[in-house]
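Q: Just passing along the structure, written as structure tokens.
The values are calculated or read from the model by the stated rules, or taken from the named source; none is laboratory data. These numbers were taken from a predicted model, which means no experiment stands behind them. Please note: Cβ atoms are built from the backbone with ideal geometry, for glycine as well, and neighbour counts cover all protein chains shown. With ligands, DNA and RNA removed, areas are computed over all heavy atoms of the protein, side chains included. Shrake-Rupley method; radii C 1.70, N 1.55, O 1.52, S 1.80 Å.
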Amino acid sequence: MTGLTLTTRQGPTIAPYLEALAGLRIRVFRDFPYLYDGDPAYEAAYLGRYAENPASRFVLAFDGKALVGAATGQPLADEVAEFRAPFAAAGIDPATVFYYGESLLLPEYRGRGIGKAFMADREAHARDAGFALAAFCAVERPDDHPRKPADYRPLHGFWASRGYHRRGELATTFAWKDIGEAEEGDKPMVFWLKELTP
């Protein structure tokens, strides 16, 4: 990570970086598999929920003063119903789970250990706060999706190497507008979990 710096923020202390973080989300999630047609109004509302939550966690990666990566998290109990409901239905108390909102990194900064640092920081934060599980969900697109790049490599291997397990029974849908879509549509998402040992 030569030349790069990481810093952490919680709750309202993220305020000075919200605009840059929104822009980063729109830029990174435009790529496959999310194909998100970014909406600044949605970004303001989404990130505002994290910024208002004193229990949220942000890990920011900078190259000089430029924000090039970020990872977020907050207690699952504070998340929207689409993310809480599969856990409650499976008999897992959402209050025991720390949820990762996203991990974002510009392509030219990948492969330098930043993703591992994002995971390690949030895991340590969640463990110190007494959570039993860490979780995130990922969109799942069909293998023959017309916008899938020929050189696309899913992150499943990386996640598994960090101790996360895909839990197919913990699935949900979440709506956003894909590039080229006229309206929002529900996208299938599946959760990955890791037990946090004390």
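Q: What accessible area per residue, rounded to a whole number of Å², is obtained for the chain using a probe radius of 1.4 Å? Don't jump to the answer; show the numbers that get you there.
A: Working: 9910 Å² over 198 residues.
That works out to 50 Å² per residue.
Q: Rounded, prolate or oblate: pick one for segment 1-44, where a ≥ b ≥ c are the square roots of the eigenvalues of its C-alpha gyration tensor, a/c under 1.5 means rounded, and failing that, prolate if a/b is larger than b/c, else oblate.
A: On the way: a/c = 2.89, a/b = 1.30, b/c = 2.22.
Judged from the Cα gyration tensor, segment 1-44 comes out oblate (a/c at least 1.5, b/c at or above a/b).
Q: Please compute the length gained on full extension between LYS65 and GLU195, using 0.36 nm multiplied by the number of residues separating them and subtracting their Cα-Cα distance. Can you show the working numbers first?
A: On the way: separation 130, 0.36 × 130 = 46.80 nm, distance 3.51 nm.
My answer for the length gained is 43.3 nm.
Q: Now for a different question. Kindly identify segment 1-136 as rounded, prolate or oblate by the Cα gyration tensor criterion: order the square roots of the eigenvalues as a ≥ b ≥ c, call it rounded if a/c is under 1.5, otherwise compare a/b with b/c, prolate if a/b is larger, else oblate. Write out the running numbers ahead of the final one.
A: Working: a/c = 1.64, a/b = 1.37, b/c = 1.20.
Taking the square roots of the gyration eigenvalues as a ≥ b ≥ c, segment 1-136 is prolate.
Q: While we're here: Give the peptides 146-159, 185-198, 68-81 in descending order of average Cβ contacts within 10 Å, highest first. Don't jump to the answer; show the numbers that get you there.
A: On the way: 146-159: 11.0, 185-198: 15.4, 68-81: 19.9.
Packing proxy ranking, top to bottom: 68-81, 185-198, 146-159.
Q: Additional query: What does the charge dipole of segment 1-91 about its Cα centre add up to, to the nearest 20 debye, if the Cβ of each Lys and Arg holds +1 and the Cβ of each Asp and Glu holds -1? If you can, show how the numbers build up before the last one.
A: Details: 8 positive and 10 negative charges, 51 e Å.
Using Cβ point charges on Lys, Arg, Asp and Glu, segment 1-91 gives about 240 debye.
Q: Report ³J(HN,Hα) in whole Hz for each residue of segment 45-51, in order, from the Karplus equation J = 6.51 cos²θ - 1.76 cosθ + 1.60 where θ = phi - 60°; Gly and Pro get x.
A: These are the phi-based 3J(HN,Hα) values: 5, 4, 5, x, 5, 5, 5 Hz.
Q: Note down the relative contact order for segment 69-198 as a percent, whole number, built from C-alpha pairs under 8 angstrom at least six residues apart. Show your work: numbers first, answer last.
A: Details: 181 pairs, mean separation 34.5, N = 130.
Answer for segment 69-198 is 27 percent.
Q: Counting alpha carbon pairs within less than 8 Å and at least 6 residues apart, what relative contact order, in whole percent, applies to segment 17-103?
A: On the way: 94 pairs, mean separation 19.3, N = 87.
Computed over segment 17-103, the figure is 22 percent.
Q: Separate question: FRET efficiency for ALA20 and ASP186, Cβ-Cβ distance as r, R0 = 30 Å, nearest 0.05? Before the final figure, lay out each step's value.
A: Numbers: r = 29 Å, r/R0 = 0.97.
The computed FRET efficiency comes out at 0.55.
Q: Another question, then. Show me, for segment 189-198, the HN-Hα J-couplings you get by feeding each phi into the Karplus relation (A = 6.51, B = -1.76, C = 1.60, θ = phi - 60°), rounded to Hz, glycine and proline as x.
A: Ordered by residue, 3J(HN,Hα) equals 9, 10, 8, 10, 10, 9, 6, 9, 7, x Hz.
Q: While we're here: What do the square roots of 5 times the Cα gyration tensor eigenvalues come to for segment 20-78, in whole Å, largest first, as semi-axes of the equivalent ellipsoid?
A: Details: eigenvalues 73, 51, 23 Å².
Semi-axes (√(5λ), whole Å): 19, 16, 11.
Q: If each of THR96 and THR7 carries a label point 7 Å out from its Cα toward its Cβ, how far apart are those two points in nm?
A: Result: 3.7 nm between the two label points.
Q: Can you spot the aspartates and glutamates whose alpha carbon is less than 19 Å from LYS148's alpha carbon? Ignore those fewer than 8 places along the same chain.
A: Result set, ordered by chain and number: ASP31, ASP37, GLU140, ASP178, GLU181, ASP186.
Q: Which percent, to the nearest 5, of DSSP beta bridges fully inside segment 70-175 are antiparallel? If you can, show how the numbers build up before the last one.
A: Values: 6 of 9 bridges.
Around 65 percent antiparallel, to the nearest 5.
Q: Once you sort the root eigenvalues of the Cα gyration tensor of segment 150-198 as a ≥ b ≥ c, which label holds: rounded (a/c under 1.5), prolate (a/b larger than b/c) or oblate (the other case)?
A: Numbers: a/c = 3.43, a/b = 1.70, b/c = 2.02.
Cα axes put segment 150-198 in the oblate bin.
Q: For Cα pairs less than 8 Å apart in space and 6+ apart in sequence, what is the mean separation divided by the residue count of segment 1-148, i.e. the relative contact order in percent? Write down the numbers at each step before the final one.
A: Details: 203 pairs, mean separation 36.0, N = 148.
After rounding, I find 24 percent.
Q: If the cut-off is 16 Å between C-alpha atoms, which lysines fall inside it for LYS116, apart from same-chain ones fewer than 8 positions away?
A: LYS194
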